[in-house]
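Here's the structure, in structure tokens; my notes come after.
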Amino acid sequence: MNKAFVREPELEGPGYCPRCGTQGTMVSSGPLDTYIRAEFRQKISDSGSYCGYSRCEVAYFDSFDSVIMLSELKGPLYPYDLDVPICACFGLTYDDVEADVQDGEPHRIRALLDRSKSPQARCGTLAADGTCCLREVQRLYMKLRSSG
Ligand SMILES: [Zn+2]
């Protein structure tokens, strides 16, 4: 058999959500194991992508277009639910960011920045998208500040 016709599996980049077309964020099994209810965990492979678009019902998907819906997770997630902490490791919330904007000084965010460098920060496993929340926190801070 001519091996030239057997394609090597491609190294996957982040895929696009099969429902909404948003480019996902690649996640390892850590967040998938943390967030997906046990009975649905087998629907998706060992790594996948996080959709993250707040109006899409899909939480995770993989390269075979298997999807995990928000309703198949253990609980609600930010940004789908603004009462859920943005920071899975230390619990910083939307309200905390808003309070920093009102104070005119981001001390809560700065404290988070310090803690994010500590070993207690386990974003790769604890965060829904497997990445540090600070980019989203800073984006939200700028957004709230300019709209306030
Ligand atoms: Zn989506």
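Summary of values
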{"quantity": "Surface/4 estimate of mean projected area, convex hull on alpha-carbon atoms of the stretch 94-147, nm²", "calculated": "3.7 nm²"}
{"quantity": "Pairwise FRET efficiency - ASP46 versus GLN102, Cβ, R0 = 41 Å, nearest 0.05", "calculated": "0.45"}
{"quantity": "Of GLY48, GLY91, GLY124, the one that fluctuates the most in a GNM where the chain has Cα springs shorter than 10 Å", "calculated": "GLY91"}
{"quantity": "Per-peptide average of other Cβ atoms within 10 Å, ordering 127-134, 80-87 highest first", "calculated": "127-134, 80-87"}
{"quantity": "Relative contact order (percent, whole number), the chain, Cα cutoff 8 Å, 6+ residue spacing", "calculated": "21 percent"}
{"quantity": "Exposed-site-free run, longest, the chain (rule: GluC sites (Glu not before Pro); DSSP loop; at most 12 other C-beta within 10 Å)", "calculated": "13-148"}
{"quantity": "Packing-based exposure ordering (other Cβ within 10 Å, fewest first) of MET26, MET142", "calculated": "MET142, MET26"}
{"quantity": "Sparse-neighbour loop sites [trypsin sites (Lys or Arg not before Pro); the stretch 54-121; at most 11 other C-beta within 10 Å; DSSP]", "calculated": "ARG55, LYS74, LYS117"}
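Every number in this text was worked out from the coordinates using simple rules, so none of it is lab data. Remember, it's a predicted structure, so these values are computed and weren't measured experimentally. Virtual Cβ from ideal backbone geometry, glycine too; neighbours counted across all protein chains shown.
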